[in-house]
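Contents: one structure, followed by commentary.
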Amino acid sequence: MFGVGLQKAPQDWQILQQQAGAAVVELAGTWQLPEETDIKETLVYVRVVEEDTGREVINWTQAEMGQEEPCWKCELSVPTGGLYRLETGLADRNQAALEWALRGDMRHHLGVGDLFVIAGQSNSAGYGKDPFYDPPQLGVHLLRNSMRWDLASHPMNESTDTRHPANLEMANPGNSPYLSFGKTLMRILGYPIGLLQTSLGGSPLSQWEPAENGHLYASMMEVIRSQGGKIKGVLWYQGCSDIDPEPSRTYEKRFTAMLQTFREEMGEEVPWITVQLNRRLNDAEKMPESDDGWGRIREAQRQCARKLPGVSVVPATDFGLSDGIHNSASANVVLGERMAEAALEDLYHRRNDSHAPDLERAAMIASDMLELRFSHVRGRLFLYDSWDICHKAFTIEDENGVAEIESAEAQGDVIRIRVKRSLCGKVWVSGGWQMNPPSLMPVDFSNHLPVLSFYRVEVS
């Protein structure tokens, strides 16, 4: 075929990671004249236009021509935005009307914005099986496991023509939080969002930690490198497979080690938006020994966000499920919005009310009364039902065991809890920690974000 051929170029639907308001795009290819032509000196030209209007974003730009072979190359700095169409053409040096240059290959539906990696296990891969309205949207695109870019749609971690057997799902997944995440960010930021899915249902942290098994970590890094090695952040939802005693006790240490390795390899402090585990319904009553494991994992997730720079955490224990352990599709839509709000505050510095209330200090104010003070309370803490909250949401322990709670009251950013006996020795307080927490946690009434779960926090 005569005209310009593209050999090195973005894919259709690809989102390119912006740096300081633009993405550098390297292009290369070949050219060929028709058999009968009067063109004397051949030049390749490239331009970028807005896809919806045809308005030129980058005017026709002359490419560098090969000295011997019929080849060319060009580098463009494409501004943040889109969607764009990339066009090429072949013309004589003296041709003025480049819109009538000989034909050239094109690329369609391109965007320049921010890329986010999706990593973790089944609730990250997306196992919401119930129906809910969450349609695709131009400008939120997905690099599928086939390594082909596409309009983002559910299910995101499906395995058609996969090039990454490391995260091959055993069954077809369903709805995930990340289409909602991308749509929320795009609506507020005004530019495209790209998603790179690397999750695997059921995967323990060991498969993500390079010092252990690490094969999913290696697969994730391969995907990131394929997109130029630059991303805006990581969306992490994992932990259900680490609730056994040993992995739950070491979760914080191992997550920290994984994050450190990742950032060293990336060469920058890439932010992570994480999710504190939701509940598990099936078999919860048959497995009471697992409550401690779920409490330890949730506490580790809370502590990682408190201790590690650039790590955020959002709560999920208030969400419904589509089965015994996987978030419903409607819950995923809200969770995606919740994660986007966290990203807007922590990555883009756009909002100031997206953090969930977090236990900041637990103190004895009498022998039978505790005061819990919470950070990130924008309005006031609200107890849905004082009796339910005080008897089910919180657990108070001392050296004599669990102390029965008599009452609880909230005022501003403080909750005071009275127990039915005097406490002695060391005292610990937990909230929303069990595999299936028996009560809703208190919420910040201004945004209705629930208090982050916490486990065996020592009372001062």
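Of all the residues in the stretch 103-135, those that are assigned to a loop (DSSP other than H, G, I, E, B) and among the basic types (Lys, Arg) number 2. Residues in the stretch 172-184 that are over 12 Å from residue 137 (Cα atoms) and more than 11 Å from the chain's Cα centre (by Cα): 172, 173, 174, 175.
Conditions (1) part of a helix (DSSP H, G or I); (2) surrounded by 15 or more Cβ atoms within 10 Å (Cβ to Cβ); (3) at negative phi; (4) in contact (Cβ under 8 Å) with a residue 60 or more places away in the chain, marked per residue:
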site	(1), (2), (3), (4)
241	yes, yes, yes, yes
247	yes, yes, yes, no
255	yes, yes, yes, no
261	yes, yes, yes, no
269	no, no, yes, no
278	no, yes, yes, yes
281	no, no, yes, yes
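Among the residues making up the stretch 109-133, those that are touching a Leu at 6+ places or on another chain (Cβ under 9 Å) and over 14 Å from residue 173 (Cβ atoms) are 109, 110, 111, 112, 113, 114, 115, 116, 117, 119.
Report, by residue number, each residue of the stretch 190-207 that is over 18 Å from residue 136 (Cβ atoms) and either of a type in the set (A, V, I, L, M) or open to solvent by 10 Å² or more (accessible area, probe 1.4 Å) (or both).
Once the filter is applied, which keeps residues that are over 18 Å from residue 136 (Cβ atoms) and either of a type in the set (A, V, I, L, M) or open to solvent by 10 Å² or more (accessible area, probe 1.4 Å) (or both), the stretch 190-207 yields 190, 200, 201, 202, 204, 205, 206, 207.
The set of residues in the stretch 6-40 that are in a strand (DSSP E or B) and surrounded by fewer than 21 Cβ atoms within 10 Å (Cβ to Cβ) comprises 6, 7, 8, 17, 19, 22, 24, 26, 28, 30, 32. For the stretch 346-363, a residue qualifies if it is surrounded by fewer than 17 Cβ atoms within 10 Å (Cβ to Cβ) and either aromatic (Phe, Trp, Tyr) or at pLDDT below 95 (or both), and the qualifying residues are 348, 349, 350, 351, 352, 353. Checking each residue of the stretch 182-189 against the condition of being hydroxyl-bearing (Ser, Thr, Tyr) and open to solvent by less than 20 Å² (accessible area, probe 1.4 Å) gives at least one match. For the stretch 58-111, a residue qualifies if it is among the acidic types (Asp, Glu) and open to solvent by less than 60 Å² (accessible area, probe 1.4 Å), and the qualifying residues are 87, 92, 105. Mind listing whichever residues of the stretch 399-427 are of a type in the set (D, E, K, R) and either closer than 23 Å to residue 444 by Cα or open to solvent by 80 Å² or more (accessible area, probe 1.4 Å) (or both)? Hits for the stretch 399-427 are 399, 404, 406, 409, 413, 416, 418, 420, 426. Residue pairs whose Cβ atoms lie under 6 Å apart, separated by 6 or more positions or on different chains, with the first residue in the stretch 440-460 and closer than 17 Å to residue 279 by Cβ and the second among the small types (Gly, Ala, Ser) and not in a strand (DSSP E or B), are 441/393; 441/432; 449/356; 452/356; 453/432; 455/295. Cβ separations smaller than 7 Å between residues 6+ apart or across chains give no pair from the stretch 160-180 residues that are under 13 Å from residue 220 (Cα atoms) and at pLDDT 95 or above to residues that are open to solvent by 50 Å² or more (accessible area, probe 1.4 Å) and not acidic (Asp, Glu). For the stretch 41-51, filtering for residues that are open to solvent by 20 Å² or more (accessible area, probe 1.4 Å) and modelled with pLDDT of 95 or more leaves 4.
So for the stretch 384-404 (the condition being polar (S, T, N, Q) and touching a helix residue (DSSP H, G or I) at 6+ places or on another chain (Cβ under 7 Å)), does at least one residue qualify? There is no residue in the stretch 384-404 that is polar (S, T, N, Q) and touching a helix residue (DSSP H, G or I) at 6+ places or on another chain (Cβ under 7 Å).
Tallying residues that are open to solvent by 40 Å² or more (accessible area, probe 1.4 Å) and of a type in the set (A, V, I, L, M) within the stretch 118-169 yields 3.
Reported count of residues in the stretch 77-102, each being over 33 Å from the mean Cα position of the chain (by Cα), among the acidic types (Asp, Glu) and assigned to a strand (DSSP E or B), is 1.
Conditions (1) open to solvent by less than 60 Å² (accessible area, probe 1.4 Å); (2) in a strand (DSSP E or B); (3) within 30 Å of residue 244 (Cβ to Cβ), marked per residue:
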site: 370; (1), (2), (3): yes, yes, no
site: 379; (1), (2), (3): yes, no, no
site: 397; (1), (2), (3): yes, yes, yes
site: 435; (1), (2), (3): yes, no, yes
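Against the test of being among the acidic types (Asp, Glu) and closer than 30 Å to residue 268 by Cβ, the options 51, 75 yield a single qualifying residue, 75.
For residue 328, the criteria (1) exposed (fewer than 15 other Cβ atoms within 10 Å of the Cβ); (2) touching an Asp or Glu at 6+ places or on another chain (Cβ under 6 Å) hold in every case but one, which is (1).
Considering 169, 222, the condition of being within 22 Å of residue 143 (Cα to Cα) and in a loop (DSSP other than H, G, I, E, B) is satisfied by 169 alone.
When 416, 456, 373 are checked against the criterion of being out of contact with any His (no Cβ under 6 Å at 6 or more places or on another chain), on the phi > 0 side of the Ramachandran plot and among the charged types (D, E, K, R), a single residue qualifies: 456.
The values are calculated or read from the model by the stated rules, or taken from the named source; none is laboratory data. The structure displayed is predicted, hence computed values, not measured ones. Heads up, the Cβs are rebuilt from the backbone with ideal geometry, glycines too, and the neighbour counts pull from every protein chain shown. Each accessible area value is taken on the protein alone, full model and side chains, heavy atoms only, with ligands, DNA and RNA left out. Shrake-Rupley method; radii C 1.70, N 1.55, O 1.52, S 1.80 Å.
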